[in-house]
Amino acid sequence: MRWDIFCRVIDNFGDAGVCWRLARQLAAEHAIDVRLWLEDPAPLLQLAPDFAASPVQVRPWRSPLRFDAVADVVIEAFGCELPEEYLRAMARRAPSPCWLNLEYLSAEDWVEGCHGLASPHPRLPLVKHFFFPGFTKRTGGLLRESHLPTRPAVRRRRDALLAGNPDSLLVSLFCYETAPLAALFAAWEDAAEPLACLIFPGQPLAAARAALGATQNMQDPDGWRLGAAGQVRLIPVPFVAQDAYDELLAACDLNFVRGEDSFVRAQWAAQPFVWQPYPQEDDAHLHKLDAFLRRYAADLPEPAQTALAAFWRGWNGAHGAMEALAGLWPEFRRQIKPLARHGRSWRAGLLAQDDLASALVKFCATRV
Ligand code: TRH
């Protein structure tokens, strides 16, 4: 059985991150012969530097596309349009391949109604199905490998990260540059607590530099210290491979995550987290945020529920709440323990569902 996954990487890491995880899991856990067609392989070099050693065949998506035969299952990720020459070859194939559009993740209610819908091609004898990941049994589920990070690996990583700062609250920061870091840093500065924040390259580091302005020495390789006693350490860290990132999330006490894939991984890590959805026009990302909060926080006891919703909305600038963020930190911080308990029970609920790769395999089994 062969599957082809097509992915255009337009911006950021998320699209390639999702496609790579899926391709790798289909090959490793379902014995599928997977080809991953990437327009730009650059993100993969960072997400999985050892990708060439994997059974997944990574192929360049060039125009015209060079391919021998159409696969049994064809996935176009996130609405990318398949090359015309490949599409025509799909139409000539008997039987037709199972053709899926893998959609973006959303917790919104409409997703259940659209998951699995068929869309006939306007010209060719082909039918595409829309496949939506999601948080309920009536969606395609979430990406989850059978082996999540182990406790010893997480413990080792935490010890290494906390070397020199054993009593600190350990935080990871992966956000877009619009995140209100000045307000967050001000809140941490006011608090007496030791805190170590690992800041990833790209937008998070750029935003941190902008928030710190000229008041801090930008050259210091150990990062920056804030607070009267220098109790807050802001530490730039390199981008790590996906597997190491998963361990790091589980090793931290609090994770700021963004987009789609780091957001899902934070849920498997089951530590308290703060989510920044990819900013979209017309505040569509705020609807996504509120839809997820409605599910995630439904069983969360007060006052943790209110603290979580207020802080997440502030982090995303919802309803002018960004200015209030610094004032929201102390209560959010007090709720870290209940939030950690909640993270574990939320994960347990998600583990009862099929993962995305298994759901895809089941869906296609009846169609190829
Ligand atoms: O990179 P992102 O912002 O991706 C986003 C979303 O996917 C969004 O849906 C899409 O439309 C938009 O891009 C264009 O954030 P995301 O989804 O969390 O992806 C980041 C990937 O990088 C994820 O696979 C985790 C990985 N990662 C590492 O492997 N190592 C690291 O050190 C870090 C910080 C991340």
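The values are calculated or read from the model by the stated rules, or taken from the named source; none is laboratory data. This is a predicted model, so every value here is computed, not measured. We place every Cβ from the backbone using ideal geometry, glycine too, and count neighbours over all the protein chains shown. Quick note on the areas: whole protein, heavy atoms, side chains included, nothing else; ligands and nucleic acids left out. Shrake-Rupley method; radii C 1.70, N 1.55, O 1.52, S 1.80 Å.
Figures for the structure shown
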read-out	value
Flag if Gln305 is free of Cβ contacts under 8 Å to residues at least 12 places away in the same chain, among the polar types (S, T, N, Q) and outside the structural domain of Asp15 (by TED's automatic domain parsing)	yes
Residues of region 8-21 that turn out to be within 13 Å of Leu38 (Cβ to Cβ) and either without any contact (Cβ under 8 Å) to a residue 24 or more places away in the chain or away from the ligand (no atom under 11 Å from the Cβ) (or both), as a count	1
Flag if Val18 is over 21 Å from Ala241 (Cα atoms) and of a type in the set (A, V, I, L, M)	no
Spans of helices (runs of 4 or more DSSP H) in region 1-103 with at least 2 residues open to solvent by 60 Å² or more (accessible area, probe 1.4 Å) and not assigned by TED's automatic domain parsing to the domain that holds Ala357	none
Residue check, Asp283 surrounded by fewer than 21 Cβ atoms within 10 Å (Cβ to Cβ), on the phi > 0 side of the Ramachandran plot and either more than 19 Å from the chain's Cα centre (by Cα) or outside any helix (DSSP H, G or I) (or both)	yes
Test: residue in region 170-182 that is open to solvent by less than 20 Å² (accessible area, probe 1.4 Å) and of a type in the set (Val, Ile, Thr)	yes
Near pairs, Cβ below 9 angstrom, 6+ apart or cross-chain, from region 257-268 (touching a residue at least 40 places away in the same chain (Cβ under 8 Å)) to any residue that is surrounded by 24 or more Cβ atoms within 10 Å (Cβ to Cβ) and of a type in the set (Gly, Ala, Ser)	Val257/Ser172; Val257/Ala266; Arg258/Ala179; Gly259/Gly17; Glu260/Gly17; Asp261/Gly17; Ser262/Gly17
Boolean, Pro64 is of a type outside the set (Lys, Arg), free of Cβ contacts under 8 Å to residues at least 60 places away in the same chain and closer than 22 Å to Ala28 by Cα	no
Some residue of region 261-273 being within 14 Å of the chain's Cα centre (by Cα) and within 21 Å of Asn165 (Cβ to Cβ)	yes
Failed item in (1) free of Cβ contacts under 8 Å to residues at least 12 places away in the same chain; (2) away from the ligand (no atom under 16 Å from the Cβ), with Ala71 passing the rest	(1)
